[in-house]
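Notes follow the structure.
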Amino acid sequence: MKDFFKYVLATVVGMLLFSIVMGVFMVMSMVGIVASGEQTKSIKDNSVLVLNLSGTLDERAQADPMAFIKGEDTEATGLDDMLTAIRKAKANDKVKGIYIEAGAFAADSYASLQAVRKALADFRSSGKWIVAYSDSYSQSTYYLASVANKVWVNPQGMIDWHGLASQKIYLKDLLEKVGVKMQVTKVGKYKSAVEMFTVDKMSDADREQTEAYINGIWKNVVNDVAASRHLTASQLNTYADSLITLAPATELVKMKMADQLLYTDQVKAEVKKLLKIDQKDEIYQLSVSDMANVKDERKEGDQVAVYYAFGDIVDGAAASPTSLNESVIDAQKVCRDLEKLANDDDVKAVVVRVNSGGGSAYASEQIWHQVSELKKKKPVVVSMGGMAASGGYYMSAAANWIVAEPTTLTGSIGIFGMFPDMSNLMTNKLSLHFDLAKTNKYSDFGTQSRAFNADELAHLGTYIDRGYKLFRKRVADGRHMSEAQVEQIAQGHVWLGQDALKIKLVDQLGGLNEAVSKAAALAKLDKYHTASYPAPAGWSEMLLDRMQSGNYLDEQMKAALGEYYEPMMVVRNLSNRNPIQARLPFYIYIR
C-alpha cells in the first residue's frame, strides 16, 4: 500500500511538471509568434504578391493560435487583409505583379468577391501585371481570376461556369415528425425567414425576390468578366447554358475563357519572363500575411475609425452562434465600443462596416440608438458588405451616409416572431401529462405544454406590428423619407445594393475605400489615416475561445453534412435566440 501511494504521488508530480513545462513552451511559442508577426517586412526588388485562393474569405480573419502552435496554415483570409495587401502592393515599386493561385476557395458573398476584384482591377490599372493559374477554377475563383492579364489553366483542367442558383431548405415536415410545430406572427409580405419552418417550398413573394437578386448578382458577374475577357454577355450566358465546365481545356482557350494551357511546373518559367529575370533566378514571393507587416505609408493625419460588425445580431455574449467559430454582433459589446469611439477625441469620423443578415430586433434597436448618439459627435458612414439587411439595415439606418456594393443584399425591413409549439412532442410522443393551477387569465402564457390560443396570438401580432412600425420609423427618420414612402419598399423585401440606391435606401455604390473617403469628407479632413476596431483578441483570449468553441461531435457533423450543417444547427439553437427577429432567412446559399 505504501508503494502504491508512492507511485500515485510520483505520477501526480510528473503530470504537474509536464503541464508546467508544456505551459511554458506554449507561452514561449506565442511570444515568438507575436514577436515575429510584429517585425517590419522588407521587400526585395522584383517581388510578386501571391494570392493563394484557398480556404475561406471572411470579413475579418482572426488567427488560430492552435494552428500556429501545430505549425499548420490557417484556412481563413480576411477581406480587410487581402484588400490592404493589394493596395500596398500597388503603391510599392518593388512589387511588379500579382500571381493568383486559384484553389478550393469560398467567400461569404459575391459582394466580397466584387470588392477584391475591384481592388485587383485598380492594381492592374497602375501598369503592373496580374496572372492567374489553376488546375480547376470554381466559378467564384474564375470571377476573380478573369481580371488578370493572363489566365492559365492546366491542360487537363476545367473552368466551372454555370450561372447562379439559390437552393433553400425547408424543415416543416422534419419538425412535425418529432412533434414540433412553429407558431409564427410576422409583418411583411416578403419576410420569408419563417418559411423555412412553416412551408415546404418558396412562396410566390420569396421566389420573386430571390430570382431578382440572383439575376442581379449574375448580371454583375457576367458584365465584369465580359469586360475583362473581351467577350459579350450573350456569349458568356451561352457558355453557362452549354455546361462548359465539362469541356476540354483546349476549347476553353478557343472560347477566350483562358489564354494558355500550362502544367504547374511551367508556370514559374512564365512568371520569370514577366519579371525579366534569368530562369535560374529566384522569384521573391510575398503573401497576404507578409504584406500585413509591410510599413503603411498612409499613417499620417487624423484618424478615421473603421469598426467591423459582422455575423448574427444577438442580445449578449450568452447568445450562441449557429455554427462553429461563427462571429456575432453582440449588441452589448458593440454599444460599449461605439460609445468609446464617440468619446475618443483622436477619432474624427467612424465607418461602421456591416456584414449581417440581421438577428434580434431588440439588439438591433440598441445598436441603432448608439449609432444615433455617435452621430451627434462625429460623422458616421456605413459600409455594407455581403449583407446588411433587416437588423443589419436597422442598425445602419441612423448613419449620415450609407455605401453598399452593387451586389450587397440589403433592405428586408420587417420583423417576425417565431415560437416553437412542442405540445405534441411532449404529450403524444413522450407521453407527458400536465395539470395547472393559476391566478390570472394569462398566468401560463408562454408555457411549452400547449400551443398559443387565438387570443394570445392576437396579442403577439400587435406586439410584432408595433416593432415593425418602430423599425419603419427609424428608417424614415434616417433616410429623410415619410413612413408611407418606406412602406412601399419595406414589407421585408430584399434588395440588391444597386437597386437600393434607386429607392434611396443607400446613398452610394462602392466599397470600404469609398466609405472612408466620404467619412473624411464629412469630417472635413485634409489628411487622414484609418484604424481598425475592435482590436484583435489577445493570444490568451483566442486560445481560450478556440479550446471552448465547438466539440468533436460538432466538427464531425460539419464534415458529414457539409452545406446542410448550418440549417440543421438553426434548429438546435432556436432556444438561444430572441424570439422576435429582424433578419433575412437563416440560411442563404448561392452557388
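The values are calculated or read from the model by the stated rules, or taken from the named source; none is laboratory data. Keep in mind that what you see is a predicted model, and the values were worked out from it rather than measured. Glycine gets a Cβ as well: all are built from the backbone with ideal geometry, and neighbour counts include every protein chain shown. Side chains included, ligands, DNA and RNA excluded: accessible areas come from the protein's heavy atoms. Shrake-Rupley method; radii C 1.70, N 1.55, O 1.52, S 1.80 Å.
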Those helices (runs of 4 or more DSSP H) lying entirely in the range 322-407 with at least 1 residues within 21 Å of E483 (Cα to Cα): 361-375, 391-394
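Test of understanding: among N237, N223, which residue is within 24 Å of S125 (Cα to Cα), part of a helix (DSSP H, G or I) and not acidic (D, E)? Explain how you work it out, then say what you get.
Numbers: N237 fails: within 24 Å of S125 (Cα to Cα).
Of the residues listed, the single one that is within 24 Å of S125 (Cα to Cα), part of a helix (DSSP H, G or I) and not acidic (D, E) is N223.
Taking the range 112-169 as the search range and keeping residues that are part of a loop (DSSP other than H, G, I, E, B) and polar (S, T, N, Q), which one is least open to solvent (accessible area, probe 1.4 Å)?
Of all residues in the range 112-169, those part of a loop (DSSP other than H, G, I, E, B) come to 126-128, 138, 146-149, 160-165, 167-169.
So of that shortlist, the ones also polar (S, T, N, Q) come out as 126, 138, 146, 149, 167.
Details: S126: 57, S138: 36, S146: 0, N149: 59, Q167: 102 Å².
Checked the range 112-169; the qualifying residue least open to solvent (accessible area, probe 1.4 Å) is S146.
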Restricting the range 407-444 to residues that are among the β-branched types (V, I, T) and closer than 28 Å to K469 by Cβ, the residue that is modelled with the lowest pLDDT: I415
Set W152, W129: member being farther than 25 Å from G511 by Cβ and over 27 Å from the mean Cα position of the chain (by Cα): W152
S242 being out of contact with any Ser or Thr (no Cβ under 6 Å at 6 or more places or on another chain), among the hydroxyl-bearing types (S, T, Y) and without any contact (Cβ under 8 Å) to a residue 12 or more places away in the chain: yes
Count - residues of the range 243-287 that are of a type in the set (D, E, K, R), part of a helix (DSSP H, G or I) and closer than 23 Å to N92 by Cα: 4
L470 vs. criteria open to solvent by 40 Å² or more (accessible area, probe 1.4 Å), of a type in the set (A, V, I, L, M, F, W, C) and over 30 Å from E373 (Cα atoms): no
The range 170-185, residues that are part of a loop (DSSP other than H, G, I, E, B) and buried (at least 18 other Cβ atoms within 10 Å of the Cβ): L171, V180
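Identify all residues within the range 296-307 that are modelled with pLDDT of 80 or more and either part of a loop (DSSP other than H, G, I, E, B) or open to solvent by 40 Å² or more (accessible area, probe 1.4 Å) (or both); write none if there are none. Spell out how you get there, then give the answer.
Let us first name the residues in the range 296-307 that are modelled with pLDDT of 80 or more, namely 301-307.
Matches in the range 296-307: G301, D302.
Search the range 186-196 for residues being among the charged types (D, E, K, R) and in a loop (DSSP other than H, G, I, E, B), and hand back the single one that is surrounded by the fewest Cβ atoms within 10 Å (Cβ to Cβ).
As a first pass, look at the range 186-196 and keep what is among the charged types (D, E, K, R): 186, 189, 191, 195.
Narrowing the set further to residues that are in a loop (DSSP other than H, G, I, E, B) leaves 189, 191.
Details: K189: 17, K191: 29.
So the residue we want is K189.
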I464 closer than 19 Å to W401 by Cβ, modelled with pLDDT of 90 or more and of a type in the set (V, I, T): no
Residue in the range 525-536 that is of a type in the set (D, E, K, R) and at pLDDT 95 or above present: no
The range 407-445 - residue that is touching a strand residue (DSSP E or B) at 6+ places or on another chain (Cβ under 6 Å) and among the small types (G, A, S) and, of those, nearest to R353 (Cα to Cα): G411
Some residue of the range 261-275 being at pLDDT below 95, open to solvent by less than 20 Å² (accessible area, probe 1.4 Å) and of a type in the set (S, T, N, Q): no
Long-range neighbours under 8 Å by Cβ, at least six apart or interchain, first residue touching a residue at least 60 places away in the same chain (Cβ under 8 Å) and farther than 19 Å from M422 by Cβ within the range 163-184, second small (G, A, S) and in a helix (DSSP H, G or I): G163/A240
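Give me the residue from the range 479-527 that is assigned to a helix (DSSP H, G or I) and small (G, A, S) and, out of that set, surrounded by the most Cβ atoms within 10 Å (Cβ to Cβ). Talk me through it step by step, then tell me what you get.
If we filter the range 479-527 for residues that are assigned to a helix (DSSP H, G or I), which is where we start, we get 479, 483-489, 497-502, 512-522.
Cutting the leftovers down to small (G, A, S) gives us 484, 497, 500, 515, 517, 519-521.
Numbers: A484: 9, G497: 28, A500: 26, A515: 25, S517: 18, A519: 30, A520: 23, A521: 14.
That would be A519.
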Yes/no for A226 being surrounded by fewer than 21 Cβ atoms within 10 Å (Cβ to Cβ) and either among the polar types (S, T, N, Q) or modelled with pLDDT of 95 or more (or both): yes
